[in-house]
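S.K.: Handing you this structure, nothing more for now.
The values are calculated or read from the model by the stated rules, or taken from the named source; none is laboratory data. Because the structure is predicted, anything quoted here is derived from the model rather than measured. So basically every Cβ, Gly included, is an ideal-geometry build from the backbone, and we count neighbours across all protein chains shown.
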């Protein structure tokens, strides 16, 4: 059986990884130009396809059979070659979105829902929300009657759904809306899954609003596609297993802590055990400046160093699957939190101040370490998702982090 993902420009895709976990068939990326599409769909050597931008509507005319939901949505993201040579079209994104809502524990019935974006994903989301009994579903687009200039008329919205690419890697840090404008908001969903926490989801977290990204939806729709390809049922438990596996692989491990707390050595130990790339923020800062960190402090002061540090953390925080060792004072700037948290688990590596070395560390050399620790401790507590003591061996600290993160 030959299956794959069809699109014009695919780049990196997690689909082959997901389908390899779901079933035993070849799954390729089929990058086809509009001029190549007709011949590929009619004569190509494929049995099942997932379809992405910009062909979800184009492929409708090739389908000899459509599911009721695909017909209603007017877009298809899954094609199955039938025994008679015909093509079945289905919208498994709708299945995935419905599963995401259920998994997030979000009640839709009777709620006022806003859907940002007017593309195919928006139409799909609207159809699912209506099927689940939403009180009302309003599409927010750039040029429609309900747009970004008159959001105040929807301040009573209870569920917000982002179907735009706003906030998606590599253009992180942007959002479709400011949640402060929606005081009645009860839940937020974002179909984007890279980064794990878009700007919209970061806002929701800070307000204590239940929220979820699109990774579970991606895996769920792939599960349903695999069932259509093979004709075999796949337990829903596989969605949870694969989503957890991908989330663990995609999230960065970010180490924060006092200067000399062992972040670099623990990062290298974790890198070897987990087979992940290790990134030293201080090394990148020195490389960009063309001089050692003590010289940066001498020439530009701490403020100059912190500006350089923030730039590096913003760049590295967008990556996936790395182990990032940070400088001891990065937590003193609140603006560093979102870039590190958006795609990472932040680990506070804590060590007794009596064990902290000072050599080669400008701030440590001129400070009382106990006073410095007490000053920074609230910052470490604010940033950290988990805390691991590193008063013993490097291996013990690395093993503890790996154990907690699963």
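S.K.: Across segment 154-172, what is the number of residues that are farther than 25 Å from residue 94 by Cα and either surrounded by fewer than 16 Cβ atoms within 10 Å (Cβ to Cβ) or without any contact (Cβ under 8 Å) to a residue 40 or more places away in the chain (or both)?
M.R.: 4
S.K.: Checking residue 61 against (1) touching a helix residue (DSSP H, G or I) at 6+ places or on another chain (Cβ under 7 Å); (2) surrounded by fewer than 18 Cβ atoms within 10 Å (Cβ to Cβ), which test does it fail?
M.R.: (1) is the only condition that residue 61 fails.
S.K.: Tally the residues that are modelled with pLDDT of 95 or more and farther than 22 Å from residue 214 by Cα, restricting the search to segment 1-24.
M.R.: Going through segment 1-24 one residue at a time, the tally reaches 2.
S.K.: Please state which one of 109, 130 is surrounded by fewer than 16 Cβ atoms within 10 Å (Cβ to Cβ), at pLDDT 95 or above and over 20 Å from residue 210 (Cα atoms).
M.R.: On the way: 109 fails: over 20 Å from residue 210 (Cα atoms).
Selected residue: 130, the only one of 109, 130 that is surrounded by fewer than 16 Cβ atoms within 10 Å (Cβ to Cβ), at pLDDT 95 or above and over 20 Å from residue 210 (Cα atoms).
S.K.: In segment 229-259, which residues are touching a helix residue (DSSP H, G or I) at 6+ places or on another chain (Cβ under 7 Å) and assigned to a loop (DSSP other than H, G, I, E, B)?
M.R.: 233, 234, 257, 258, 259
S.K.: Suppose we filter segment 26-57 for residues that are in contact (Cβ under 8 Å) with a residue 40 or more places away in the chain and more than 16 Å from residue 92 (Cβ to Cβ); how many remain?
M.R.: Step one: of segment 26-57, the residues in contact (Cβ under 8 Å) with a residue 40 or more places away in the chain are 41, 45-57.
Subset that is more than 16 Å from residue 92 (Cβ to Cβ): 41, 45-46, 54.
Residues that pass the stated criteria total 4.
S.K.: Can I ask one more? Only one of 18, 73 is surrounded by 22 or more Cβ atoms within 10 Å (Cβ to Cβ) and within 20 Å of the chain's Cα centre (by Cα). Can you tell me which? Give the derivation first.
M.R.: Numbers: 73 fails: within 20 Å of the chain's Cα centre (by Cα).
Only one candidate passes the filter, namely 18.
S.K.: Here is a follow-up. Would you confirm whether any residue within segment 205-227 is outside any helix (DSSP H, G or I), under 24 Å from residue 76 (Cβ atoms) and out of contact with any strand residue (DSSP E or B) (no Cβ under 8 Å at 6 or more places or on another chain)?
M.R.: Taking every residue of segment 205-227 in turn, none turns out to be outside any helix (DSSP H, G or I), under 24 Å from residue 76 (Cβ atoms) and out of contact with any strand residue (DSSP E or B) (no Cβ under 8 Å at 6 or more places or on another chain).
S.K.: Looking at 238, 227 in this structure, which one is modelled with pLDDT of 95 or more, over 19 Å from the mean Cα position of the chain (by Cα) and under 17 Å from residue 27 (Cα atoms)?
M.R.: Result: 227 is the single residue among 238, 227 that is modelled with pLDDT of 95 or more, over 19 Å from the mean Cα position of the chain (by Cα) and under 17 Å from residue 27 (Cα atoms).
S.K.: Let me ask something additional. I'd like to know if segment 191-200 contains one or more residues that are assigned to a helix (DSSP H, G or I) and in contact (Cβ under 8 Å) with a residue 12 or more places away in the chain.
M.R.: Within segment 191-200, one or more residues are assigned to a helix (DSSP H, G or I) and in contact (Cβ under 8 Å) with a residue 12 or more places away in the chain.
S.K.: Based on what the data block shows, is residue 255 buried (at least 22 other Cβ atoms within 10 Å of the Cβ), closer than 30 Å to residue 356 by Cα, assigned by TED's automatic domain parsing to the domain that holds residue 349 and more than 16 Å from the chain's Cα centre (by Cα)? Break it down into steps so the answer makes sense when it comes.
M.R.: Values: buried (at least 22 other Cβ atoms within 10 Å of the Cβ): yes; closer than 30 Å to residue 356 by Cα: yes; assigned by TED's automatic domain parsing to the domain that holds residue 349: yes; more than 16 Å from the chain's Cα centre (by Cα): yes.
Here the answer is yes, as residue 255 does meet what is asked.
S.K.: Still on this structure, please answer the following. I need the full set of residues from segment 306-329 which are surrounded by fewer than 22 Cβ atoms within 10 Å (Cβ to Cβ) and assigned to a helix (DSSP H, G or I), in order please.
M.R.: Those that are surrounded by fewer than 22 Cβ atoms within 10 Å (Cβ to Cβ) and assigned to a helix (DSSP H, G or I): 306, 307, 308, 310, 311, 314, 315, 316.
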